[in-house]
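Presented below is the structure to which this report refers.
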Amino acid sequence: MAYSAKIGPSILSSDLSCLGSECVRMMECGADYLHLDVMDGHFVPNITFGHPMVECLRKSVGQDPFFDMHMMVSRPEQWVKPMAAAGANQYTFHLEATTNPGNLIKEIRESGMKVGLAIKPGTTVEELAPWANQIDMALVMTVEPGFGGQKFMEDMMPKVSWLRSQFPSLDIEVDGGVGPDSIHKCAEAGANMIVSGSAVIGSDDPRSVIALLRTVVAEAIQKRSLDR
Ligand SMILES: O=C(CO)[C@@H](O)[C@H](O)COP(=O)(O)O
Ligand SMILES: [Fe+2]
């Protein structure tokens, strides 16, 4: 079992005027990576930031933090090279946003980044499956992409369970409404990369929330390995 429990705060929920210090604060509170939500106002009805912001963040926080770019954009091909140059580590694009996932996967790899492939709630996991052996991480959205602070969609968990059963070593990420109330469902289903925005950033004690999320997921991974 190659995968481990990792917690990635979504900094979309933080005070955006202090993004650099918020990233540093999350890493100091025990985050394993940072989940950066890029929205273009077209693929989703909201706008956040692009590669110039990522470049500034990289300069501000140093080389260490792993930047998982959640690209909620209509033309993901367009931003591969700029994001790689800006210091992104993983480029997670939406299956719904491209007609040629195979070529995009190749371009992301050639740019030196890891590859993530995301699906919206209305997309079946069978549509993602043909690409699963070529990617580093599958992202199962547990809200409609576009905004933080939405309600967790428990009915996405069968997608996670199915992926875990078919691809035992794959990194599987969940994103949207994940926090102490929903983490058990995600962990039981087999998710190991956990994005949490409002539950972590909005907490008075983000360190404890991150530690709790990681413990629940790590215990589920251990249980799965003993059951095999
Ligand atoms: O991609 C998205 C939303 O589209 C997420 O990354 C959210 O920003 C996570 O925030 P919470 O749902 O955990 O508040
Ligand atoms: Fe996200």
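The figures follow:
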read-out: Modelled FRET efficiency - R0 25 Å, residue 222 with residue 154, Cβ distances, 0.05 increments; value: 0.60
read-out: Overall dimensions of region 120-222 as given by Cα atoms, namely Rg and Dmax in Å; value: 13.2, 42
read-out: Tail fraction, Cα-Cα pairs, the chain, threshold 23 Å, whole percent; value: 42
read-out: Karplus (6.51, -1.76, 1.60) ³J(HN,Hα), θ = phi - 60°, over region 24-34, in Hz, Gly and Pro reported as x; value: 4, 4, 5, 5, 5, 8, x, 4, 8, 7, 10
read-out: Heavy atoms of residue 99: accessible area, 1.4 Å probe, square angstrom to 10; value: 150
read-out: Built amide H within the under 5 Å cut-off of residue 139, gap 5+; value: 117, 118, 119, 173
read-out: Antiparallel bridges, percent of DSSP beta bridges restricted to the chain (to nearest 5); value: 5
read-out: Residue 205-residue 100 pseudo-label distance in nm [points 7 Å out on the Cα-to-Cβ vector]; value: 5.2
read-out: Residues whose placed amide H lies under 5 Å from that of residue 150, excluding near-sequence neighbours; value: 177
read-out: Exceeding the 18 Å Cα-Cα cut-off - candidates 120/159; 120/151; 6/59; value: 6/59
read-out: Anisotropy class of region 42-112 from Cα gyration tensor, a/c 1.5 cut; value: oblate
read-out: For region 136-143, 3J(HN,Hα) per residue [Karplus equation, 6.51 cos²θ - 1.76 cosθ + 1.60, θ = phi - 60°, Hz, x = Gly/Pro]; value: 8, 8, 9, 10, 9, 5, 10, 8
read-out: Whole-Hz ³J(HN,Hα) from phi, Karplus 6.51 cos²θ - 1.76 cosθ + 1.60, for region 83-93, glycine and proline x; value: 5, 4, 5, 6, x, 6, 9, 9, 10, 9, 9
read-out: Rounded, prolate or oblate (a/c below 1.5 giving rounded, otherwise prolate when a/b exceeds b/c) for region 1-66 by Cα gyration tensor; value: oblate
read-out: Residue 21 paired with residue 59, simple spin-label distance in nm, labels 7 Å along Cα-to-beta-carbon; value: 1.9
read-out: Candidate aspartates and glutamates - alpha carbon under 12 Å from residue 114, same-chain residues fewer than 8 apart omitted; value: 68, 136, 171
read-out: For residue 196, distant residues with modelled amide H under 5 Å away; value: 8, 10
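The values are calculated or read from the model by the stated rules, or taken from the named source; none is laboratory data. All of these numbers come straight from a predicted model, not from anything done at the bench. All Cβ positions, glycine included, derive from the backbone under ideal geometry; neighbour counts span all protein chains shown. Side chains are part of the model used for accessible areas, which takes the heavy atoms of the whole protein and leaves out ligands, DNA and RNA. Shrake-Rupley method; radii C 1.70, N 1.55, O 1.52, S 1.80 Å.
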